[in-house]
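Q: Structure incoming, see below.
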Amino acid sequence: MSSPPNTGPTGASSTGPDRLTADEVRRVAKLCRVGLTDDEVEQLRGEMASLLAEVSVLQAIDTDGVEPTGHAVEGVHTVMRDDVPIEPMTVEDVLANAPQREGDYFRVRAVME
């Protein structure tokens, strides 16, 4: 998905990271499903602009010809074990320590209303 001209991936103006508009902050908050007061929007305008300015410094670094790595330090190898299939646990073993259960399922409180 490409961004409109003069905007970054969030739709924020790329003409200058010094200040975001209140609408841009509200749009990001809506995408994150976070409610903000007008005072919080104003505070976040500056904070988010500072973060974007920091990222723009990283974007200016020439990384052509740099091999991608999994670790910042060479010679580091994963210590994880091989993925070996084993017999699955029984339903009773899985639910043995469940705080609440309903039949063969975990019982949890409703998350969404």
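Q: Just to be sure before I move on: is ASP62 among the acidic types (Asp, Glu), within 30 Å of ARG19 (Cβ to Cβ) and part of a loop (DSSP other than H, G, I, E, B) in the structure I sent?
A: yes
Q: Those residues that are under 12 Å from MET48 (Cα atoms) and not in a helix (DSSP H, G or I), I need them from region 21-37; list them, please. Break it down into steps so the answer makes sense when it comes.
A: Restricting attention to region 21-37, the residues satisfying the condition of being under 12 Å from MET48 (Cα atoms) are 21-22, 24-26, 28-29.
Selection gives THR21 alone.
Q: Could you tell me whether VAL66 is surrounded by 11 or more Cβ atoms within 10 Å (Cβ to Cβ) and either in contact (Cβ under 8 Å) with a residue 60 or more places away in the chain or β-branched (Val, Ile, Thr) (or both)?
A: Working: surrounded by 11 or more Cβ atoms within 10 Å (Cβ to Cβ): no; either in contact (Cβ under 8 Å) with a residue 60 or more places away in the chain or β-branched (Val, Ile, Thr) (or both): yes.
Criteria not met by VAL66.
Q: With the structure loaded, tell me whether ALA49 is under 30 Å from ALA22 (Cα atoms), of a type in the set (Gly, Ala, Ser) and touching a Leu at 6+ places or on another chain (Cβ under 6 Å) or whether it fails that test.
A: Values: under 30 Å from ALA22 (Cα atoms): yes; of a type in the set (Gly, Ala, Ser): yes; touching a Leu at 6+ places or on another chain (Cβ under 6 Å): yes.
Yes.
Q: With the structure loaded, tell me whether LEU20 is touching a helix residue (DSSP H, G or I) at 6+ places or on another chain (Cβ under 7 Å) and modelled with pLDDT of 85 or more or whether it fails that test.
A: On the way: touching a helix residue (DSSP H, G or I) at 6+ places or on another chain (Cβ under 7 Å): yes; modelled with pLDDT of 85 or more: yes.
Answer is yes for this residue.
Q: Of the residues ALA53, ALA49, which single one is in contact with an Asp or Glu (Cβ under 7 Å, 6 or more places away or on another chain) and either touching a residue at least 40 places away in the same chain (Cβ under 8 Å) or not in a loop (DSSP other than H, G, I, E, B) (or both)?
A: Details: ALA53 fails: in contact with an Asp or Glu (Cβ under 7 Å, 6 or more places away or on another chain).
It is ALA49.
The values are calculated or read from the model by the stated rules, or taken from the named source; none is laboratory data. What you see is a predicted model; the values in this text were computed from it and never measured. Ideal geometry is used to build each Cβ from the backbone, glycine not excepted, and the neighbour counts take in all protein chains shown.
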